[in-house]
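What follows is one structure encoded as structure tokens, with my remarks underneath.
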């Protein structure tokens, strides 16, 4: 018994040490950003770096309200990301339902086509998108940026949601049909509440991707539509990089993601359908 | 089988169902090969057959969940062959219950009422009544995941009976319950059906379940209905060899024999069937249930192969040539290995079948 206990202890200690190392590697940049954001620009460049320094909130003030404020860009990012997410969900939910349940002609082919769009490297699409948006007159416009983002988020969202919907036993819907629900009512009352977890996950990923997107934003945006990822670049110039302000801006840009992550996490847990059907449901 | 009370209800009752020439294929598999069926109002009707025989497909055709390739279905004279499930006024209990996991029992049972446009203030009362009938009215605020299998099954029943449907469909509703609960629920289900006066179609592969619960039943084999009748008729006058082998547990002994006038011979054993009228002589298949064979007398010589003690009775397996003959003895006594005995058949309970077609020869 004693021997087994000590083996178990050793195993736990090893796992804990490994996890700590991995966590440290992962968290270090974040911690460093926090540290840097609280320093003055001069302090950042001090060598060797000092552990003890006079913390200041000036960088956050400057990043938000200074000469090169990221506040307008934050609002732009919020508009673009929210609109992309809402439109994606509005289109992807019925599309995923159709893929999961309806007998459509060419469904397999359509499914592959949807997935195939994900296989093209984004860099290869920048120039075609630029030319198209230029022709339509949608360069540096909200509708242009959101449309481009939808081309990436929709295939991803549809495929994620299809897997959630396929997990729901067909009898569930058939029972709803026999209970005189039409297809829309069955989707609304019976299917959607059970894929809440899947929708929450989809929202997080779509919002996160749109919020963090840089390549298309920098090429297809401009002065009207300048998301926060692009705006942060204002702190980097040929002559110097304002590390402290850049760190502060980066930390501010993370806040919405963290809020969404925490709120949606509860929904993911709620979305589990344990005990719905004998031997069925997402366990 | 049906009481006079039921007879009078049938005359003006609702829920008369008829199927004519229903065919359904899935790819190359022919699931239903032309089904004709008439179900009377208020009847408790069982669809019995082994798995893959087409009974569940027939139920789904009745529900409108599986549209037939060919054929006609009417309910109370109205053609509903191509109606949507919701337009048929049918309720169904699924084998896996298909309860809505995110809703409380109250919401589950009330869902059909809500969809049917029943005024909101009437729903709680109707839900409570239905739940009380299956004794789950104290669980209404729980969710399906917090219930036992038996309670889930009752919830599925309550959801089906809450809006008094024209037709009540049950797909192996007891198969997920343990043996003890299955027997109890079987009795309650029968009582419930009597009190509701709703035409009920019940799918099962368990012949004992069908025998005890149904007013009439249809026996399915291989995509066709081979016999329709009361449990008594199906048990005592199986229409062919397959039905004879399927109904009854342990199953009927089927032995090759020869018919000459009114005399049947199996090997050296001969017995007369006085009621038999004018059937040409030739080979026949002799069917006899294990409980209709007695030991002793000038009978069929047999070797004891295996004896099973069932407590109050014994099940004996005898070898006669290559055939295995089962005998149920209403008493328990001891036998020696390979003991030689003589088996005599109760001629009142002998069945004869044509060896080529398998069809019953009427006695």
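Bear in mind these aren't lab numbers, they're just calculated from the coordinates by the rules spelled out. For clarity, every value in this text was computed on a predicted model and none was experimentally measured. A quick note on method: Cβ atoms are made from the backbone with ideal geometry, for glycine too, and the neighbour counts reach across all protein chains shown.
Using the Cβ-Cβ distance between residue A:30 and residue B:196 with R0 set to 45 Å, the FRET efficiency works out to roughly 0.10.
When the alpha carbon coordinates of segment A:2-59 are projected onto the principal axes, the ranges are 57, 17, 16 Å, largest first.
Note the angle between two axes, namely the Cα long axis of helix B:123-133 and the longest principal axis of the Cα atoms of chain B, as a number of degrees from 0 to 90, rounded to the nearest 10. Long axis of B:123-133 versus the principal axis of chain B: about 20 degrees.
Of all DSSP-defined beta bridges confined to the protein assembly as shown, some 75% are antiparallel rather than parallel.
With the biggest extent put first, the Cα atoms of segment A:124-245 measure 70, 39, 24 Å across the principal axes. Among B:344, B:336, B:212, the residue with the largest mean-square fluctuation in a Gaussian network model of chain B, with springs joining Cα atoms closer than 10 Å, is B:336. For chain B, the longest principal axis of the Cα atoms and the long axis of helix B:105-115 meet at an angle of about 70 degrees.
What order do you get for A:232, B:92 when you list them from fewest to most C-beta neighbours inside 10 Å? Intermediate values should be presented prior to the final figure.
Numbers: A:232 22, B:92 29.
In increasing order of surrounding Cβ atoms, one gets A:232, B:92.
Within a 10 angstrom radius of the beta carbon, how do B:316, A:64, B:140 rank from fewest other beta carbons to most? Don't jump to the answer; show the numbers that get you there.
Details: B:316 23, A:64 14, B:140 19.
The fewest-first ordering by Cβ neighbours comes to A:64, B:140, B:316.
Over all distinct alpha-carbon pairs, what is the Kirkwood Rh of segment B:67-183 in angstrom?
Details: mean 1/r = 0.0657 Å⁻¹.
Here the Kirkwood hydrodynamic radius works out to 15.2 Å.
Against chain B, whose longest principal axis comes from its Cα atoms, helix B:149-161 is set at around 70 degrees. Here each label is just a point 7 Å from Cα along the line to Cβ, and for residue B:322 and residue A:18 those points are 6.3 nm apart. Please give the Cα centre distance for segment B:326-363 versus segment A:67-136, rounded to the nearest Å. Each part reduced to its Cα centre gives a spacing of 75 Å. A straight line joining the Cα centroids of segment B:28-93 and segment B:235-293 runs 34 Å. Only alpha carbons enter this Debye calculation for chain B, each as an equal point scatterer, and the log10 of I(q)/I(0) it gives at q = 0.12, 0.13, 0.14 Å⁻¹ is -0.95, -1.05, -1.14. By other beta-carbon atoms within 10 Å, ranking A:189, B:141 with the fewest at the front produces B:141, A:189. FRET efficiency for the residue B:334 to residue B:298 pair, using the beta carbon distance and R₀ = 25 Å, is estimated at 0.55.
Percent relative contact order of segment B:122-197, based on C-alpha pairs within less than 8 angstrom and at least six residues apart? Spell out each step's value before the answer.
On the way: 36 pairs, mean separation 22.2, N = 76.
Averaging sequence separation for qualifying contacts and normalising by length gives 29 percent for segment B:122-197.
Give me the extension gain from residue B:233 to residue B:279: residue separation times 0.36 nm, minus the current Cα-Cα distance, reported in nm with one decimal. Walk me through the numbers on the way to the answer.
Working: separation 46, 0.36 × 46 = 16.56 nm, distance 2.21 nm.
Separation in residues times 0.36 nm, less the Cα-Cα distance, equals 14.4 nm.
To check you understand DSSP bridge types, tell me what percent of the beta bridges within segment B:4-246 (both residues inside) are antiparallel, rounded to 5. Before the final figure, lay out each step's value.
Values: 20 of 38 bridges.
So the antiparallel bridges in segment B:4-246 amount to around 55 percent.
Both radii come from the Cα set of segment A:61-270: Rg as radius of gyration, Rh as Kirkwood radius; their ratio Rg/Rh reads 1.05. Based on the Kirkwood approach, the hydrodynamic radius assigned to the protein assembly as shown is 31.3 Å, with every pair of different Cα atoms included. In this entry, segment B:253-361 is assigned a mean projected area of 6.9 nm², taken as a quarter of its C-alpha convex hull surface.
Once R0 is set to 56 Å, what does the formula 1/(1 + (r/R0)^6) return for the Cβ-Cβ distance between residue B:121 and residue B:249, expressed as a FRET efficiency to the nearest 0.05?
Numbers: r = 51 Å, r/R0 = 0.91.
Between residue B:121 and residue B:249 the formula returns 0.65.
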